[in-house]
1. So if each residue of separation counts as 0.36 nm, and I subtract the Cα-Cα distance between residue 306 and residue 325, what length gain in nm does that give?
2. Along each of the three principal axes of the Cα atoms of region 140-181, give the extent in whole Å, ordering the values from largest to smallest.
3. Can you divide the C-alpha Rg of region 298-364 by 2.2 N^0.38 Å and report the result to two decimal places?
4. Taking every DSSP beta bridge with both residues inside the chain, roughly what % is antiparallel (nearest 5)?
5. Could you list log10 I(q)/I(0) for region 22-68 at q = 0.28 Å⁻¹, which the Debye formula gives when each Cα is one point scatterer?
6. If R₀ is 41 angstrom, what is the calculated FRET efficiency for the pair residue 114 and residue 216, using the beta carbon separation as r and rounding to 0.05?
7. Regarding region 141-249, what are the three Cα extents along the principal axes, ordered largest first, in Å?
8. As a check on your grasp of the helix formula, calculate [θ] at 222 nm for the chain: sum -39500 (n - 2.57) over DSSP H runs of n ≥ 4, divide by the residue count, round to the nearest 500.
Amino acid sequence: MGFRHNGAMSAASKATRILDLRGAAYDRGRLQAELCPDKVADGTVAITRRLRELGPALAEPKVIDWLDAQHTFTRDNDPDGFVEVQGIAEGFGIAPDALFACFFGDVITDLAATPSLADGCTAWAAPRTESGSVVVKNRDVRGARGELQGVFRHEDPEWGGRRILCVGSLGCPGAFSSGINSVGLAVADTQVGTIDHGEGWLRSFLMTRILRDCTTVGEAVALVFRVPHAGGGTLLLGDATGAVAAIELGHGRIGAEEPGEASYVARTDHFLTDRLRGRDLAPQEDIGARNSRARLATLEHALREMPMPFAHDAIRALMSRHGDTASAGLCRHDEKRNLQTISCAIYDCKAPALSFSFGPPCEAAWTRIEP
């Protein structure tokens, strides 16, 4: 049990981190720190920094009330996720309530009317072949947060042999950014600030539930429409049968899209469906909102021109694309705004397998990893 290092490390990726987490939810949470003792201090610093960013918002009465309700909801509806957080907190020496609040940071800032910039990840899904889909995500973050990024292979004796492979960060539970299970169902997310929040499933906890319990996109979509949501963000889904879908999450409304003639679904950081359009929190003139629309335009134009089935080399080249005077970059190195792309995940649902760049896709080495 421990790290598996596959492939060469680039200058942009000083730590190629693939972590095997086996056991019940609490044990898998605690193992993050036990297997990475050299990163415990960094994890504590990251949590402290996030709490400082949230600042006064955490003291607002409506935020306090919502967090209390959400704490109870998660305990009652997602006991595995709730217990996994307890294990992470113990391992890193962090108060569980403080760690829990950090995971809801984007919702908290929305509720406090101090939203994060509407600017983040790029994700899409398409039927790559007649018998399998591809789900792709560039993960964009602000600040020095890439040092905690890792790929986590989860295996629980209660899952009947199913395994889950997740991209996330040390100190975070389950499929915090994206993931695929051993039967070929993949999911990735993007962040969208919204006016539509309430008590329900947080997106990252929901992604883990989908990978644990579902086999197909149809089952995942049915699950999403069956449960309440905290609101905010999108999900991109693909499975081994070739099905794909995009879901937009509000608390009071959910929107879903299947691929039309374009044969793909794509999302950045704003809503597109009729049910959620206009429920974004960021104003249209926000620099992040403008960039979100520009990145989506770049992505959709490229996907329309790319021959099918989409080859891995072509996908890597697309997700490594930088901006110019005519189009927005998908691989981002924005020092002025302290924002960068720290990885690219390409999920092959037929295999199933993950092709992953431990660093910006334009320069990092790529590693193939199986659940």
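1. Values: separation 19, 0.36 × 19 = 6.84 nm, distance 2.12 nm.
Gain in length upon complete extension: 4.7 nm.
2. 39, 16, 11
3. On the way: Rg = 12.9 Å, N = 67, 2.2 N^0.38 = 10.9 Å.
So region 298-364 has a normalised radius of gyration of 1.18.
4. On the way: 60 of 66 bridges.
If I count the DSSP bridges inside the chain, around 90 percent turn out antiparallel.
5. Here the Debye-derived log intensity ratios amount to -0.91.
6. Numbers: r = 39 Å, r/R0 = 0.95.
Calculated value: 0.55.
7. 36, 33, 25
8. Working: 10 runs with 120 residues, N = 371.
Calculated from helices alone, the mean residue ellipticity at 222 nm is -10000 deg cm²/dmol.
The values are calculated or read from the model by the stated rules, or taken from the named source; none is laboratory data. Keep in mind that this is a model prediction, so the values were computed, not measured. Quick reminder, even Gly has a Cβ in these numbers, built from the backbone with ideal geometry, and neighbours come from all protein chains shown. Side chains are part of the model used for accessible areas, which takes the heavy atoms of the whole protein and leaves out ligands, DNA and RNA. Shrake-Rupley method; radii C 1.70, N 1.55, O 1.52, S 1.80 Å.
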